[in-house]
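One structure is given below, encoded as structure tokens.
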Amino acid sequence: MNSIPTSTRARVTMNDVADMAGVSKASVSRFIGEDRQLLSEAIARRIEHAIETLDYRPNQMARGLKRGRTRLIGMLVADIRNPYSIAVMHGVETACRKHGYSLVVCNTDCDDEQERLHLAALRSYNIEGLIVNTLDRHLDELRQLHSELPMVLVDRKVDQLESDLVGLDNVATVRQALDHLQDAGYRDILMVTEPQDGTSSRIERVEAFAKGIAQRSGMRGQVCETGATLRDELRTFLDQRGHGPKALFTGNGVATLSTTRLLHDLGCQLFDDIGLIALDELDWYPLVGSGITSLAQPTHDIGVTAFECLLNRLRGDQEPVRLYDFPARLIVRGSTRDRS
């Protein structure tokens, strides 16, 4: 028995296989490639035996580069800790695997320099296409890469980049949230969002919120952002009186987590003192108080659709860029009990 650990053995090469089989390196290359039919049955059997004996594993990356195909798809993510990013990424990876591609994920951590370095790395990996969920901090690099390969945007628009965009119908989703709160009798609404920071989806949601409040007689709305001042702004909102039942509308899962933690610290009775509706659906929402009402994004479908758009472009689709806006699904729980 060979007791040498695999990790310490010398790598078996194509030349080793050719020597054992008594054939040329070109014949081995044909056998593991797409030209096996050019070999005689006897030579093919000898090569197969040598490969099994030596436990030879072809370098798939090198083979892909030789053919101009790596079967690699890149994905640039702004914040891999965001539950939305993880869920969409799972959808992308599932679709990649189904079609024989592998996914290379780069997390910028919302850092401009990391984004620049990752873009350079992705180009060096010879990816065949790129899915982007980040800001346009390096527009020139993105545009240059887009001139070389197909690109699809997820959730966030990038100005001056003509690419398919897959994401949530933000305007309709905010309208759905306000309709639900209004029907439940809430009249004083505070929207909590992560800093807008040029993120198109956050900006769209805030603008839709302001417009929706203005269109609803008897409702009042305010907007604040997560960060150092959120605790004080929540306390001020809780202490305000005279405009009717209060509710919070959180713009994504990160904002929901920050908000519920601070409400607990402030001694707020969830959800007697205040209502809450959250954009995004996370596993822990049913566990908080009587459960958090949510607007669930079809994150898996968004990820799958992003890859399918990219695949169509890889196959030669030259149609004008498309916008895929998915609806949210309202899940009603105790955090928005009827106050009317």
- Fully extended, how many nm does the chain gain between Y125 and V332 (0.36 nm per residue separation, minus their Cα-Cα distance)? 70.0 nm
- Query: Under Stokes-Einstein, with the Kirkwood radius over Cα pairs standing in for Rh, what whole-number D in µm²/s applies to the chain at 10 °C and 1.306 mPa s?
  - Reply: 68 µm²/s
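What's the local net charge at D188, with K and R +1, D and E -1, over the other residues with C-beta under 10 Å away?
Numbers: positive: R187, R220, R241, K246; negative: none.
Net of charged neighbours comes to +4.
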- Query: In whole percent, what relative contact order does the chain give with Cα contacts below 8 Å and a gap of six or more residues?
  - Reply: 18 percent
- Hey, can you rank 161-173, 316-328, 211-223 by average C-beta count inside 10 Å, highest first? 161-173, 211-223, 316-328
- Task: Mind putting together the pair-distance distribution for the range 124-207? All Cα pairs, 10 Å bins, whole percent per bin, short to long.
- Result: 15, 39, 24, 15, 7, 1
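Using 0.36 nm times the number of residues separating A26 and Q222, minus their current alpha carbon distance, what extension gain do you get? Please list the in-between numbers first.
Numbers: separation 196, 0.36 × 196 = 70.56 nm, distance 7.04 nm.
Using 0.36 nm per residue and subtracting the Cα-Cα distance, I get 63.5 nm.
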- Compute the signed sum of charges (Lys and Arg +1, Asp and Glu -1) over the other residues within less than 13 Å, Cβ to Cβ, of K211. +1
- Folded to 0 to 90 degrees: helix 41-54 orientation relative to the chain principal axis, Cα: 60 degrees
- Message: Can you tell me the length gained on complete extension of the stretch D265 to V105, counting 0.36 nm per residue apart and subtracting the Cα distance?
- Response: 54.0 nm
- Listed peptides 117-128, 198-209 by packing density, highest first (mean Cβ within 10 Å): 198-209, 117-128
- Message: I want to make sure I understand the PRE zone here: with the label point 7 angstrom from the Cα of R69 toward its beta carbon, which residues in the range 97-117 have backbone N atoms less than 19 Å away?
- Response: 97-104
- Using only helices, what value at 222 nm comes out for the chain when you add -39,500 (n - 2.57) per DSSP H run of length 4 or more and divide by the total residues, to the nearest 500 deg cm²/dmol? -13000 deg cm²/dmol
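Readers should treat all values here as calculations from the given coordinates under stated rules, not as data from a laboratory. Everything numeric here is computed off the predicted structure, so don't read it as measured data. When we count neighbours, we look across all protein chains shown, and the Cβ atoms used for this are built from the backbone with ideal geometry, even at glycine.
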